[in-house]
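Remarks on the structure that follows.
The values are calculated or read from the model by the stated rules, or taken from the named source; none is laboratory data. Just so it is clear, the model here is predicted, and its values are computed rather than measured. Here the Cβ positions follow ideal geometry from the backbone for every residue, glycine too, while neighbour counts run over all protein chains shown. Surface accessibility is based on the protein's heavy atoms, side chains included, excluding ligands, DNA and RNA. Shrake-Rupley method; radii C 1.70, N 1.55, O 1.52, S 1.80 Å.
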Amino acid sequence: MIVSRREAWLGRALLILLMAVTVVPFISLFVTALHKPGTYPSGMSWPETPYWSNFVDAFQAADMWALLWSSFLIELGVVPAALLIATLAGFSLGHLRPPGHRWIFLTFVLGLTLPFQAIIVPLYYQMRDMQLLNTRWAIILPLLGLYMPFAVMWMRAHFVTMPPDLSEAARIDGASTWKLFTRVHVPLSRPALSSLGILMFLWTWNQFLLAVVLVDDPKNRTMAGALGAFQGQWGTDIPLLCAGSLLILTPTLLVFLAFQRQFVSALMQGALKG
């Protein structure tokens, strides 16, 4: 595709603008975190004496090790189970196509239109009746259900584009449906699975509303949910609050940077197949 010089410069200008809109808030947060504790910095002025100790103080004040462990347990309960269920359902709807699969798929599509905030109150009473309030299961179980519509549609879209010749060749060789799934389709689904896993990891890590409403103990919440308790305790100390926010954001940035190749590969694969 031939692109004119004017279009190329326009595209670069838009990319720079979008990058600035994305990066400037992080720079402001970082600069503010280096100011003297208890002060109210204005603008993005670099402090004369950077207080790097704010990050250590925020780490200790928020008991980050306990929060990291809690977030790890929640991620461990949500992401692998959601990937397994979504892959099985996507393979069934996209490849096996049982009777009524269109209506089942339509049900998942309708699930995407359900406002998350509209079900938080029923979820609270349901978790209370199940005696799961103030436990990590009060976050894990609802997230599994809330992720399913998108996750199943994601995996179905992948399996629909798989060449039928692969399945026919495996059937001729005597492969059962389970072997067809585990030996043929799942190995070829690694880009889609990795990108979906990254998305669900980020969504779970940044889950705030469920953690705040359903769990009272900050040490049983996600990192983002624990930020609410940290803000209530240190809301008047802006530099310390910014330092704590950056510490909470750091793991998600590291995960995305580590797996960005797989994420982009899955998106490009879907674009090329489409």
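Percent of accessible area on the chain owned by carbon and sulfur, 1.4 Å probe? Don't skip to the answer; put the middle values down first.
Details: 10980 of 16190 Å².
The nonpolar share, carbon plus sulfur, comes to 68 percent.
Could you check the spin-label model distance between ASN134 and ARG12? Points 7 Å from the Cα along Cα→Cβ, value in nm.
6.0
When a/c reaches 1.5 or more, the comparison of a/b and b/c decides; with that in mind, is the range 193-262 rounded, prolate or oblate per its Cα gyration tensor?
Cα axes put the range 193-262 in the oblate bin.
Ratio of Rg to Rh for the chain, alpha carbon only, Kirkwood?
That ratio equals 1.05.
Under the rule of -39500 (n - 2.57) per DSSP H run of 4 or more residues, summed and divided by the residues of the chain, what mean residue ellipticity at 222 nm is obtained, to the nearest 500 deg cm²/dmol?
Helices in the chain give a 222 nm mean residue ellipticity of -23000 deg cm²/dmol.
Counting only C-alpha contacts under 8 Å and six or more residues apart, can you give the relative contact order of the chain as a whole percent? Can you show the working numbers first?
On the way: 268 pairs, mean separation 85.0, N = 274.
Across the chain, relative contact order equals 31 percent.
What distance in nm separates the two pseudo spin-label positions at PHE59 and PHE30, each 7 Å out from Cα along the beta-carbon direction?
That separation, rounded to one decimal, is 1.7 nm.
Given springs between every Cα pair under 10 Å in a Gaussian network model of the chain, which of ALA81, ALA62, ALA151 has the largest fluctuation?
Looking only at ALA81, ALA62, ALA151, the biggest GNM fluctuation is shown by ALA81.
With a ≥ b ≥ c taken as the square roots of the eigenvalues of the C-alpha gyration tensor of the range 1-138, please select rounded if a/c is under 1.5 and otherwise prolate if a/b is larger than b/c or oblate if it is not?
Oblate is the answer for the range 1-138, as a/c is 1.5 or above yet b/c matches or exceeds a/b.
If you count only protein heavy atoms with a 1.4 Å probe, what accessible area per residue comes out for the chain, rounded to a whole Å²?
Result: 59 Å² per residue.
Dipole magnitude of the range 151-243 about its Cα centre, charges +1 at Lys/Arg Cβ and -1 at Asp/Glu Cβ only, in debye to the nearest 20?
Using only the charged Cβ atoms, the result is roughly 240 debye.
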